[in-house]
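Comments concern the structure below.
Bear in mind these aren't lab numbers, they're just calculated from the coordinates by the rules spelled out. All values reported here derive from a predicted model rather than from experimental measurement. Backbone-built Cβ (ideal geometry, glycine too); neighbour counts: all protein chains shown.
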Amino acid sequence: MSHLSFSILLLLSISAFSQKKWDGGAGNTQWNNALNWTGNALPSTTDDVVLDNSLVVGNYNVVFPATAVTVKSITISPATSKAIELTLPATNTLVPGLTVTGPGYGMIINSGGTFRNSSGSTSGSTVRVTDSIRINNDGRYVHNSASGHSTNVQVLSMIAGTEKGIMELDIPTASSTISISGRTFGKFVLRSTAAGGTCNYTAAGTSRVNIRNNLEIGAGVNFNLNCSDTIFVEGDLLQDAGTINLGNSTRSVVLSVLQNITQNTGGVITETGTGIQTILMNGASFQLMTFRGTILNQVGLVKNAGGTVLSKSPISLPYKLGLKNGRIVTSQGLITLQSGCTIEADTLLANGYIDGPLKKDGLSNQSFLFPVGSTSGMRWIQLRNATGNFTVEYFRTDPGTLSSNNGSGIHHISSVEYWDVTTTGSSSATVRLSFVHPNSGGVTNLSTLRVARLINGIWEDAGNAGVAGTPGSDGWVSSNAAGGFSANSKSFALASAMGLENPLPLSSIILRAVRNNTTINFSWMTGSDIDLKRIELQRSYDGVNYFTIYAGNGRNTFSYAMETRDAFYRLKAENSNAVKSYLSNILFIQAKPWQLSTFVIADISGRIIKIVKQYPELIIGSMRDYLIGARPGIYIIKEIQGNNVIKYIKQW
């Protein structure tokens, strides 16, 4: 009796875990031909069906019959570089035509495998999977039927390894309502092939949608949304010729893309409702943005998350450009803001901006801020009372390369940055240039700060019609009213009307001096960005008129006989292109013996940083050591026993 019980249990165990594999013995694609299966028997309701390349070496297709099929599970698992497809054909109109009972993953589709539901039914769930569908990376589930699909997308597995699993809808009707609200997909694809080249897909809902890889909208697809919340696309947004209607009602949706956007010629992204729709470039790393089609109506483009977006083709925006965090590089694809398009950017945070040209059309006696910049951050420019179509670009380079000629009222211009403002047709505006500390090179005196404009090769004084901010911090300076932004008068730069204020170059030369009995030993150090051609050490007895006492191009030290009179010393340098001159700090050296003095070092707000004892002649040369670890900025040095008050700029 016990032997009989054991035999029955063994048979039940084998039956419970039976596996049926395709061997293709019949030489055709028919599921219902027993010769195509191991054991020459059709899969039963308790079988785990496996379609792989263990018994059939090449690619192959398997087609279900027109009758209903029930199995425990289906696994489609081609070998590397092979393809296996399982199809529920249009001749099967049953609901359901396929039932997979589980438990566990009812259907597993591995890379190279495809399950295609081409059922001829026009309604109902023709494929019923009791547990879940696992589409592993590069596996594909194609819904190619007018029947329902919502029960299938509800049970898509989200386990690791399914992020690139493909869920494709290619429905053979002119229009179809699809289920995406609250769903999670790997790669999500919409096609119009089965509908003859044009298909309208409509989706509605109030829950977020997660697409963990690409969202692909095929040619001829019109994708109409009535959704709120956010559609998260962790891969690329790919749109062929067709339309994405982000909103056809009062609801507003955000289409958030973490990777690239590619819109081909003929593609349209629009909205036809009353909501506000947003395309969000939300990648924290590098993204590409290629809009070869059009964006219409109340659709905004917003950059967030801190990464860099490279615009690969020109784009014209109708509604809004938002720059919350990160930069958009437009050197290969100009962004044009149409007359009704607004811009949002925070000039205080200064971390969302355009790196390259930015165009604004249709200004009519309006003010408009261009949040342009470079890798060093935002360096905005504002046009006030502006009329015309303007293109603005910021350059983080020495404007002295354009011209070294300064007009009346300009002592020197910045050596680190300038802006170009160009227009089409007649135009006028007041130009307001921003400055930031320390990246603008040091603004020390607002009253002598100027806007310089390059006109026919000369940096002319464009005025100081208004100014805001504080020295050693951030602010702006405004020009007088300007017009005629032609190729010969398009460039603007910060400038100074006085030589010892507003150094503006970030480059620095530190001059030091040490008394040694009857001689003074001078030494100097220059910024790494200065490629020097000539050095001149100069002396002055009145602090105004300087005369060269040493000239050279290689040394960085010089010894000089001790003066019998008090004197000022400075260093003058010229770069290798002979287009820019730099001045060092000024040393005052007394003829009488040096005496130690007490100095208070404070920041621009008056907060005391240090109190030190030093020779007055050496205090400037020692500041680098005193300010180790301190932030870049303007510092005030006050001698307690005397009247010396010195302004010192720490550049790094």
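Straight-line reach from residue 320: taking Cα to Cα under 16 Å and skipping same-chain neighbours fewer than 8 places apart, the aspartates and glutamates in range are 271, 344, 346, 361.
Only Cα pairs under 8 Å and 6+ residues apart enter the sum, and on that basis the relative contact order of region 356-448 stands at 29 percent. Annotation: extensible slack from residue 137 through residue 173 equals 10.1 nm (criterion: 0.36 nm per residue apart, minus Cα-Cα distance). Counting 0.36 nm for each residue step from residue 90 to residue 250 and taking away their Cα separation leaves a gain of 53.7 nm.
Projected label points at residue 518 and residue 206, each 7 Å from Cα along the beta carbon direction, are separated by 9.5 nanometres.
Shape class of region 202-270 from the alpha-carbon gyration tensor: oblate, with a/c at 1.5 or above and b/c at least as large as a/b. Take the Cα of residue 645, step 7 Å toward its Cβ, do the same at residue 487, and the gap between the two points is 5.1 nm. Just need the relative contact order of the chain here, percent rounded to a whole number, with Cα pairs under 8 Å and 6+ apart. Relative CO of the chain lands at 5 percent.
In terms of packing, defined here as the mean over residues of other Cβ atoms within 10 angstrom, the peptides 177-186, 18-27 line up highest first as 177-186, 18-27. Which translational diffusion coefficient, to the nearest whole µm²/s, is obtained for region 14-168 from the Stokes-Einstein equation, given a Kirkwood hydrodynamic radius over C-alpha pairs, 37 °C and 0.692 mPa s? The estimated diffusion coefficient comes to 215 µm²/s.
Note on the chain: with charges restricted to the Cβ of Lys and Arg (+1) and Asp and Glu (-1), its dipole about the Cα centre is near 1180 debye.
Within the same chain, lysines fewer than 8 places from residue 82 are excluded, and of the rest, those with a Cα less than 23 Å from its Cα are 20, 21, 164, 187. In plain terms, the C-alpha convex hull of region 346-504 casts an average shadow of 8.0 nm² when viewed from every direction.
Per-residue ellipticity at 222 nm, computed for the chain from helices alone with -39500 (n - 2.57) per DSSP H run of at least four residues, works out to -1000 deg cm²/dmol.
Placing one equal scatterer on every Cα of the chain and applying the Debye formula, the log10 ratio I(q)/I(0) at q = 0.10, 0.12 Å⁻¹ is -0.93, -1.15.
Per-peptide packing, taken as the mean over residues of other Cβ atoms within 10 Å, places 257-270, 57-70 in the sequence 257-270, 57-70 from highest down.
For region 597-650, compute Rh as the Kirkwood radius over C-alpha pairs and then the Stokes-Einstein diffusion coefficient at 10 °C and 1.306 mPa s; write the answer in µm²/s, rounded to an integer.
Reported coefficient: 145 µm²/s.
Above 29 angstrom, tally the Cα pairs of region 170-322 and express them as a % of all pairs, no decimals. For region 170-322, the fraction of Cα-Cα distances above 29 Å is 8 percent. The packing ranking of peptides 204-212, 388-396, highest mean first, is 388-396, 204-212, where packing means the average number of other beta carbon atoms within 10 angstrom of each residue. Grab every C-alpha pair in region 268-382, bin the distances at 10 angstrom width from 0 up to the longest one, and report whole percents. Using 10 Å bins, I get a P(r) of 15, 50, 31, 4, 0 for region 268-382. For the charge dipole of region 346-504, defined by +1 on Lys and Arg C-beta atoms and -1 on Asp and Glu C-beta atoms about the Cα centroid, which residue among 381, 424, 353 has the Cα displaced farthest towards the positive pole? Going by the Cα projections, it comes out as 424. Placing a label point 7 Å from the Cα of residue 445 along the Cα-to-Cβ line, the residues of region 399-413 whose backbone N sits under 12 Å from it are 411-412.
Each of 64, 166, 470 was placed along the dipole of the chain (beta-carbon charges, centred on the mean Cα), and the one lying farthest toward the positive end is 470. Considered as an equivalent ellipsoid built on the Cα gyration tensor, region 263-305 has semi-axes of 20, 16, 5 Å, the largest given first. In summary, the aspartates and glutamates within cross-link reach of residue 613, defined as a Cα separation below 15 angstrom excluding same-chain residues under 8 places away, comprise 625, 639.
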